[in-house]
Amino acid sequence: MAPHTTLTPRQLLTAVVVVAAGGAVGTLLRDLALRIDTTHWFIQIVGATGWASRVPWVLALVNIVGVYLATVALRGPLVRHDPNNLTRLVIITGFFGGFTSYSSLYVSLGTIWHVSVLGALFTALLAVLSGVVAAWLGARSWSK
Amino acid sequence: VNLLLVTLAGALGCVVRYLFEYSVRAHHPTLRPWATVGANALGCGIAGWAAYQLTSSMEVHIRTIVLTGFCGGLTPRQGTPLAIFRGDSGRHSPTLWSFFCSRSCTGALEVSRTYPHVGRSTKFEARRFGG
């Protein structure tokens, strides 16, 4: 099925349900991960004050893991699946779409910016690079 | 209850993003993630608004639902890096790298535009943001 194929109302409804189910599970896992109290660990590593204490490290880790696993899935088992395939919809569009988050990383940049402009720029750069490196590693895992 | 609402909001965010991507693909057939870029920009705008506006103690749950749930589902992190390395076209297109950079800039701009007094509110707690 080509990516621009128009789905019938029934197919579209099925796709929506599948995406919602995957997204719900992904969001639930991310929310549970973010509820883990990691303050004590991070204070020991980055200190209680300063811009580094405001970086959402758990979310950053969740994003890196999500990007890596999604790339592995897309370059491996789902490589020949088009964007409207139900398996791909539930895993990539739904689950990993809900599991990883982009907006809160950038909302957090706002608070970091107030503490340190350089820290905010560094965090933004690190966020971009970590995503690229995670995707590169995921892609490499199948090219060997 | 809060966890359930966050989960449902996340599912809603994913569905909104999918329908947006589907409608864009239906009119402009492409494997490149333009629609995801648009969804991310929109999600960052909503997140910036929610982070600044919903700061009272009464609204903290709504903020979590909007940020962690809806915006989290609307804005996937993996979209563009995947497009770069997925190799749909058989090679790594430089155009997709520019997607990635532009998307990052768009997100930062959206948040900064809707969030002008960032960090000045004592009620604002960055660590609580999960969306």
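The values are calculated or read from the model by the stated rules, or taken from the named source; none is laboratory data. Every value quoted in this text rests on a predicted model; they were computed, and no experiment measured them. Using ideal geometry, Cβ is built from the backbone for each residue, glycine included, and neighbour counts are taken over all protein chains shown. The protein model used for the area step is the full one, side chains on, heavy atoms only, and it has no ligands, DNA or RNA in it. Shrake-Rupley method; radii C 1.70, N 1.55, O 1.52, S 1.80 Å.
Somewhere in segment A:36-50, is a residue more than 10 Å from chain B (Cβ to nearest Cβ) and in contact with a Pro (Cβ under 9 Å, 6 or more places away or on another chain)? No, segment A:36-50 contains no residue that is more than 10 Å from chain B (Cβ to nearest Cβ) and in contact with a Pro (Cβ under 9 Å, 6 or more places away or on another chain). A:Arg80 meets the conditions (1) under 22 Å from B:Gly13 (Cα atoms); (2) free of Cβ contacts under 8 Å to residues at least 60 places away in the same chain in every case but one. The failed one is (1).
Screening B:Arg32 against (1) charged (D, E, K, R); (2) closer than 27 Å to A:Leu32 by Cβ; (3) open to solvent by 20 Å² or more (accessible area, probe 1.4 Å) leaves a single unmet condition, (2).
Screening the candidates A:Val132, A:Val115, A:Val107 for the property of being touching a residue at least 24 places away in the same chain (Cβ under 8 Å) and within 9 Å of chain B (Cβ to nearest Cβ) yields one hit, A:Val115.
Scanning segment B:8-59 for residues being at the interface with another protein chain (Cβ under 7 Å from one of its Cβ atoms), touching an Asp or Glu at 6+ places or on another chain (Cβ under 7 Å) and either part of a helix (DSSP H, G or I) or not hydrophobic (A, V, I, L, M, F, W, C) (or both) gives a total of 2. The residues of segment A:111-130 that are part of a helix (DSSP H, G or I) and open to solvent by less than 30 Å² (accessible area, probe 1.4 Å), listed by number, are A:Thr111, A:Ile112, A:Gly119, A:Ala120, A:Thr123, A:Ala124, A:Ala127, A:Val128.
Here A:Leu86 passes the criteria (1) within 10 Å of another protein chain (Cβ to nearest Cβ); (2) more than 19 Å from the chain's Cα centre (by Cα); (3) within 16 Å of B:Glu21 (Cα to Cα); (4) not polar (S, T, N, Q) except the one numbered (1).
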